[in-house]
Amino acid sequence: MNLIRQITKIGWIVVEVAFLLVVLCVLLNIILGKEGGGFVSSVAANALDFLQKVPSGTFLGIFLILVVYRLVKSKAKDSP
């Protein structure tokens with residue numbers, strides 16, 4: 001069971017780092033523009049393309065599901 005927790009923890013760390021890399025590339029593209037380089041521009045273009053293709057209701061639904069999950073998780077953590 002301990003191995004599964006470690007693998008899950010490492011997996012979430014990898015997901016967080018990848019997300020931060022995408023956010024950093026988007027911010028660098030906003031600040032530097034075309035001078036940011038090919039990698040930064042391509043990541044920002046892919047992120048923008050993805051965000052434009054996904055309907056806004058989907059983002060709202062995912063956000064609400066995450067909020068409810070956090071509330072339930074915090075309530076379960078507080079109860080004995």
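A short reminder: the numbers here are calculations on the coordinates, not readings from a lab. All values derive from a computational prediction rather than experimental measurement. Here Cβ is always computed from backbone atoms with ideal geometry, including for glycine, and neighbour counts include all displayed protein chains.
A few notes on this one:
- Residue check, F39 closer than 21 Å to A18 by Cα, under 15 Å from the mean Cα position of the chain (by Cα) and of a type in the set (F, W, Y): no
- Subset of segment 1-33 (residues that are under 10 Å from the mean Cα position of the chain (by Cα) and not charged (D, E, K, R)): V15, V17, A18, F19, L20, L21, V22, V23
- Flag if G38 is surrounded by 10 or more Cβ atoms within 10 Å (Cβ to Cβ) and without any contact (Cβ under 8 Å) to a residue 24 or more places away in the chain: no
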